[in-house]
Amino acid sequence: MDYDSEEKRRRREHRRKVIADWKAEARALRDADPNKRMLLREAKREAMRRIEESARTEEDFKKVILIWNNVRIVANWRIEKNETGISFKLRKAEVTDDTKIIPPPFKHEWWKNLLRGQFLDVIFDCPHEIQELTSSRPGYLYTEELDETHKALLYYKAIRQWRSQRIAEDRGQTAKNIRQVYNTMIENIGVKLYVHLSPRYHAGRPLTPRQYRFCAGYWDRESEVEKERLMRKVEMEKKRRREGG
């Protein structure tokens, strides 16, 4: 038996089923009472959020991953459908000097966001507005207060995934210096985030899975001296909040 062919066939069938289910759901939503459409969409998003945050076992996470994969299948299919009138060769060919597309090609994340209608991600796709790319309130505050040099470094390392060597060449610095500055910046942001989240973590109050893993990992890796220093910062933060500062 050709296992590769069987696997491809199984994937094609799964893709067809996911798209068919999505079309049926879209038709039902379109035929529903206009006043209820927003409620149905909100209910679906809330159900997805609860599934993600309640995942604890391996089977739970497999279920979440399957849902994400199905969402990606539908998103890719919709993009392909919207590109029907565009030359296939244009999407596949290498962009030359006399045929420029900015940014190339259509599989670039910039175009994907644009086609999904995620215009804010496109508008704020620059180093100076990096704080606008996060929906986290503390994440927004701690990136907004960075100076322009550090914002640019965070943008090109974390968003564009540039290597330290490339950034160093642009800035006329060494890659080692870039790594040191970046690691120090991330560590400082991490401390601030931990100080912000730790009162909820140590009090056993609700956190998202990502926030809980961050706090647990951050706390476990520190020495006893560092833990005492962190707890002093946490107490200072509590006092500042009580005083409304």
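What is the fewest-to-most order of TRP22, TRP68 by other Cβ atoms lying within 10 Å of their Cβ?
Exposure proxy ranking, most exposed first: TRP68, TRP22.
Taking each pair of distinct Cα atoms in segment 1-82 once, what is the resulting Kirkwood hydrodynamic radius in Å?
14.8
Over 31 Å between C-alpha atoms is what I'm after, so list which of LYS63/LYS192; LYS23/LYS157; LYS63/LYS151; LYS62/LYS227; LYS8/LYS62; LYS23/LYS63 land there.
LYS63/LYS192; LYS23/LYS157; LYS63/LYS151; LYS62/LYS227
Mind checking the alpha-carbon convex hull of segment 124-240 and giving the volume per residue in Å³?
With only Cα atoms used, segment 124-240 gives 123 Å³ per residue.
Using the 10 angstrom Cβ neighbour count as an exposure proxy, how do LYS233, LYS36 rank, fewest first?
Fewest-to-most ranking of LYS233, LYS36: LYS36, LYS233.
Since every read-out is calculated from the coordinates, none of them should be taken as a lab result. Just so you know, these numbers come straight off a predicted model, no measurement behind them. Cβ atoms come from the backbone with ideal geometry, glycine included; neighbour counts cover every protein chain shown.
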